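Nothing in this text is a laboratory measurement; each read-out follows from the coordinates by a stated rule. If you're wondering where the values come from, they're calculated on a predicted model, not measured in any experiment. Virtual Cβ from ideal backbone geometry, glycine too; neighbours counted across all protein chains shown.
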Amino acid sequence: MQKDNYYFITFVSQKEFNLIAPLNVLPQPDTVIKVFMDYQGLDKPVPIEEQEISIPKRNGFTVVEWGGALRK
């Protein structure tokens, strides 16, 4: 992430991520946390609104899936 002067970074909501990439785990976890960072290089800054991010609490057997994509 050092080729561009600026980066637009956002996180896909768990609800949206579940639609795009459903996850089936056995035994069924008590908690599933999915994090997907979507980012894009920019030449200059752009105005954006602050994204609200909810932090899920871990309870019992927890599965964490994370990833990201760089848009070109």
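If a residue must be among the β-branched types (Val, Ile, Thr), closer than 19 Å to LYS72 by Cα and either in a loop (DSSP other than H, G, I, E, B) or touching a Pro at 6+ places or on another chain (Cβ under 9 Å) (or both), how many such residues does the range 1-47 contain? Working first, answer last.
At the first step, the residues of the range 1-47 found to be among the β-branched types (Val, Ile, Thr) are 9-10, 12, 20, 25, 31-33, 35, 46.
Still in the running and closer than 19 Å to LYS72 by Cα: 9-10, 12, 46.
Still in the list and also either in a loop (DSSP other than H, G, I, E, B) or touching a Pro at 6+ places or on another chain (Cβ under 9 Å) (or both): 46.
Within the range 1-47, residues that are among the β-branched types (Val, Ile, Thr), closer than 19 Å to LYS72 by Cα and either in a loop (DSSP other than H, G, I, E, B) or touching a Pro at 6+ places or on another chain (Cβ under 9 Å) (or both) number 1.
Here is a yes/no grid of residues against (1) in contact (Cβ under 8 Å) with a residue 40 or more places away in the chain; (2) not hydrophobic (A, V, I, L, M, F, W, C):
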position	(1), (2)
PHE8	yes, no
PHE11	yes, no
LEU23	yes, no
PRO27	no, yes
ASP38	no, yes
GLN51	yes, yes
ASN59	no, yes
VAL63	yes, no
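Going by what's in this entry, would PRO29 be described as surrounded by 14 or more Cβ atoms within 10 Å (Cβ to Cβ), more than 30 Å from GLN2 (Cα to Cα) and over 13 Å from the mean Cα position of the chain (by Cα)? Considered against the rule, which asks whether it is surrounded by 14 or more Cβ atoms within 10 Å (Cβ to Cβ), more than 30 Å from GLN2 (Cα to Cα) and over 13 Å from the mean Cα position of the chain (by Cα), PRO29 comes out as yes. The residue of the range 48-69 that is farthest from the chain's Cα centre (by Cα), among those that are loosely packed, with under 13 Cβ neighbours inside 10 Å and in a strand (DSSP E or B), is VAL64. For the range 11-26, the tally of residues that are under 17 Å from ILE48 (Cα atoms) and exposed (fewer than 12 other Cβ atoms within 10 Å of the Cβ) stands at 0. The sole residue among PHE36, PHE8 that is touching a Lys or Arg at 6+ places or on another chain (Cβ under 9 Å) and surrounded by 13 or more Cβ atoms within 10 Å (Cβ to Cβ) is PHE8.
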